[in-house]
1. Between helix 154-173 and the chain, what is the angle of the helix's C-alpha long axis to the longest principal axis, kept within 0 to 90° and rounded to the nearest 10?
2. Name the residues of segment 99-117 whose amide N is less than 13 Å from a point 7 angstrom out from the Cα of ASP173 along the C-beta direction?
3. Select from GLY93, CYS220, CYS140 the residue farthest towards the positive end of the dipole of segment 9-234; place +1 on Cβ of Lys and Arg, -1 on Cβ of Asp and Glu, and compute about the Cα centre.
4. Have a look at ALA28, GLY236, GLY7 and report the one farthest towards the positive end of the charge dipole of the chain, computed about the Cα centre with Cβ charges (Lys/Arg +1, Asp/Glu -1).
5. About its Cα centre, how strong a charge dipole does the chain have in debye, to the nearest 20, once Lys and Arg get +1 and Asp and Glu get -1 at the Cβ?
6. Label 7 Å along Cα→Cβ of ASP67; segment 42-61 residues with amide nitrogen under 13 Å?
7. List the GluC sites (Glu not before Pro) within segment 1-98 that fall in a DSSP loop (any state other than H, G, I, E or B) and whose Cβ has at most 16 other Cβ atoms within 10 Å.
8. Taking every DSSP beta bridge with both residues inside the chain, roughly what % is antiparallel (nearest 5)?
Amino acid sequence: MELGLEGRVAVIAASSKGLGRAVAEALADEGVRLVISARGDEALANAEAALRSRGAEVVALRADVTDPSTPEHLVSLAIERFGRLDIVVPNAGGPPQQAALDCDDDAILKAVQANLLTSVRFVRASLPHLRAAGWGRICCIASSTIAQANPALALSNTARTGLWAWAKTAAADLRGTGITLNLACPGYHATERMIELGFTTSGRPIGDPADFGKVVAFLCSQPAANVNGARIIVDGGESFAL
């Protein structure tokens, strides 16, 4: 399938490892020019080198995506280096495991900051450029827990469900603009974090991060122009989301 992404420019948050890295690789393979970010210098340098080896044009910025100034910095970097912005993939690492009745105020606020407000800020920073171009794709990486809560992940359940509600509302405001806003919601994939947490040996369906990256690439494509305000669950049927 021709995705119509050659020459487009994407900002991908938290993209040195895991699902963010998989998205960057999938978009690189479609000829997208990339702005990537991560907190760790070594991981970021490794990701940048790997993406360049796939033929991608890449700019990397060491940044904490939960810093309120980071979305604006990454968007500005895309405009400065490439002269345009077409695709934005907000992403942030998940909060710690915790049962709902054990969550204190501080833990809940940190989860909301990372897994709700970070995405909102990326949308806010990118929209002026996408509106000016009359074309744009925003795909937030959320979690399948918005469809079916995981009792051990109360903080993620709470913050990401808030993101879903906000994004569904915002997507309605974007109808007819040429800009779409969707959520890609992974279940368990064979990433470094999932392996560390022991989820990949739990008997649950385990996805390939590369396949998830291709799902996001499709949502960012020209053929997906009429997919807006959708949550795409990618969890092998673990949740009952039909």
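What follows draws every value from the coordinates through simple rules; no lab data is involved. All values derive from a computational prediction rather than experimental measurement. As a convention, Cβ positions derive from the backbone with ideal geometry for all residues, glycine included, and neighbour counts pool all protein chains shown.
1. 40 degrees
2. none
3. In segment 9-234, that residue is CYS220.
4. GLY7
5. 560 debye
6. Residues 61 fall inside that zone.
7. GLU2, GLU6, GLU57
8. 0 percent
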